């Protein structure tokens, strides 16, 4: 690269340059820790450059897409940074998907290379057989044969270093595929500017510091994972990456204590388990910031969090993949008095609540929340029609139906596409769910629509209870009567052990619809 462009390249504000800065100023300071193994900033920068060299020798260049199909580990972060160093785009993949679902994302993104680990290598082999397009397959802990290249072998590989790239902030860094409740998932294209703006959002909302130790338990293939640790790369803070497996309270508490974690994000169901653990009060914990999101939290859980961690800053975050992801923040001091709210829009974005004609609705009225701002995705990959629909009237349409109170606090009423129309009346599932969730015997609740001959559609509640005893609609009736109009009441009740959730902690409603929705007759509970 010519010296004329070097000053411009060195001024870019993205996580590759942020890593390079810390590698220069604090090379021995810890950057990542996974299963007790620490990677310093100097080591991280060196490993990223060597992996980028190996990828470049195999033809990866500006704009190319490289998939990452791995469990949480330090190599995940290295892979993202190495891909981006070449001006290429990282495509994180949910490892819980089936081969056909992953194959769709391979084809849609046009990826020709993939980085995986030994556990998931057979899944990559199955996907490769379907697509025939993944010419470069790299495995952490390998190679495992069948054309795989060993990750560590590539880092040790001699050869010509890659030509340094100037990667502007408006270049794509990630393609994050949304879960897609209807049709095929869409790939949200997030730029380096998006991720840097997300980092600043976290620093402001959580009041992160350079001496924080961030505990990452969210999947790194989810924007909640990469988005939550983006601030660490700006600040030079340590990120402790927790292995992905079934949530084990003792293991998590042990890790917090051992690693002296100061900031943690969990979903409410996980916080509920943490606060109920009999050993938590005796633990030597250093938590300074506790945050939650992806699902509503009851006042019982919020009070338990406040009592268990009285000195921690309690923050709820709300958003979506297309917004990198945070759009609203609720501080712990407002959590009880504004129960059910997702907080107020963050200062770095513009948010409006509008009707179908893009007119602002009055406080208290339901409308769709729309956004503009530096965290907003560039587009949906390879999908101009979906992009145009999402950016109607020049604002990004979230699909979330909300209302705002006189103080500016936002309450999610429902996803626009999940709204039930029963006898001509709109029923917002989230509103019914919040009422059900407040019942002392109900631990989890979800509401879906079921076809009905008379009303067109009726609401059905799927709940998990706190004890082993059954619960009926008759028992719930007084509680529902006190808070909901009769037409909003569930017309059927299904009791399950637990609601199905995706890797981000959100209830997977399409599974509930498949099991208990429109194909099933509505019967009273």
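A short reminder: the numbers here are calculations on the coordinates, not readings from a lab. Being a predicted model, the structure only gives us computed values, none of them experimental. Cβ atoms come from the backbone with ideal geometry, glycine included; neighbour counts cover every protein chain shown.
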Task: Share, in percent, of DSSP beta bridges within the chain that are antiparallel, nearest 5 - done: 55
- [ ] Can you tell me how much longer the chain between residue 383 and residue 284 gets when fully stretched, taken as 0.36 nm per residue apart minus their C-alpha distance, in nm with one decimal?
- [x] 30.6 nm
Open item on the list: To test your reading of the geometry: what angle, between 0 and 90 degrees and rounded to tens, separates the Cα axis of helix 41-57 from the longest principal axis of the chain?
Closed with: 80
- [ ] Could you tell me which of rounded, prolate or oblate describes region 276-378, using a ≥ b ≥ c as the square roots of the eigenvalues of the alpha-carbon gyration tensor, with rounded for a/c under 1.5 and, failing that, prolate when a/b is larger than b/c and oblate otherwise?
- [x] prolate
Open item on the list: Compute the helix-to-body angle for 74-85: its Cα long axis versus the longest principal axis of the chain, expressed 0 to 90° and rounded to tens.
Closed with: 70
TODO: Return one number: the angle in degrees, 0 to 90 and rounded to the nearest 10, between the long axis of the Cα atoms of helix 299-308 and the longest principal axis of the Cα atoms of the chain.
DONE: 50
TODO: Would you work out the relative contact order for region 266-371, in percent, from Cα pairs under 8 angstrom that are 6 or more residues apart?
DONE: 19
- [ ] Quickly rank 274-287, 12-25, 73-86 as a protection proxy: mean count of other C-beta atoms within 10 Å, highest first.
- [x] 73-86, 12-25, 274-287
TODO: Work out Dmax and Rg for region 6-189 from the C-alpha atoms and quote the Rg first, both in angstrom.
DONE: 16.2, 48
- [ ] Give, in whole angstrom and from largest to smallest, the semi-axes √(5λ) of the equivalent ellipsoid of the chain, with λ running over the eigenvalues of the Cα gyration tensor.
- [x] 40, 26, 23
Task: Calculated Rg and Dmax of region 420-516 using C-alpha coordinates, Å - done: 12.9, 37
- [ ] Take residue 248, project a point 7 Å from its Cα along the Cβ direction, then tell me which residues of region 262-291 have their backbone nitrogen under 16 Å from it.
- [x] 274
Task: Highest average packing first - 400-409, 293-302, Cβ atoms within 10 Å - done: 293-302, 400-409
Open item on the list: Quick check on region 120-191: take the gyration tensor over C-alpha atoms, sort the square-rooted eigenvalues as a ≥ b ≥ c, and tell me if it's rounded (a/c under 1.5), prolate or oblate.
Closed with: oblate
Open item on the list: For the chain, what does the helix formula give at 222 nm: sum of -39500 (n - 2.57) over DSSP H segments with n ≥ 4, over the residue count, nearest 500 deg cm²/dmol?
Closed with: -9500 deg cm²/dmol
Task: Rg [Å, one decimal], Dmax [Å, integer] - region 1-90, C-alpha atoms - done: 13.5, 43
Task: Exposure proxy ranking, count of Cβ atoms within 10 Å, fewest first, for 265, 247 - done: 247, 265
Open item on the list: Cut-off is 10 Å between beta-carbons; in what order do 26, 228 appear when sorted fewest neighbours first?
Closed with: 26, 228
TODO: Measure out, as a whole number of angstrom, how far apart the alpha-carbon centroids of region 1-79 and region 98-131 sit.
DONE: 24
Open item on the list: Taking 8 Å as the Cα distance limit and 6 or more residues as the minimum spacing, I'd like the relative contact order of region 389-525 as a percentage.
Closed with: 21
Open item on the list: Using alpha carbons only, how many angstrom separate the centre of region 259-305 from the centre of region 418-496?
Closed with: 28
TODO: Quick one: compute the contact order of region 1-71, relative version, from alpha carbon pairs under 8 angstrom and 6+ residues apart, as a percent.
DONE: 21
Open item on the list: Cut-off is 10 Å between beta-carbons; in what order do 507, 495 appear when sorted fewest neighbours first?
Closed with: 495, 507
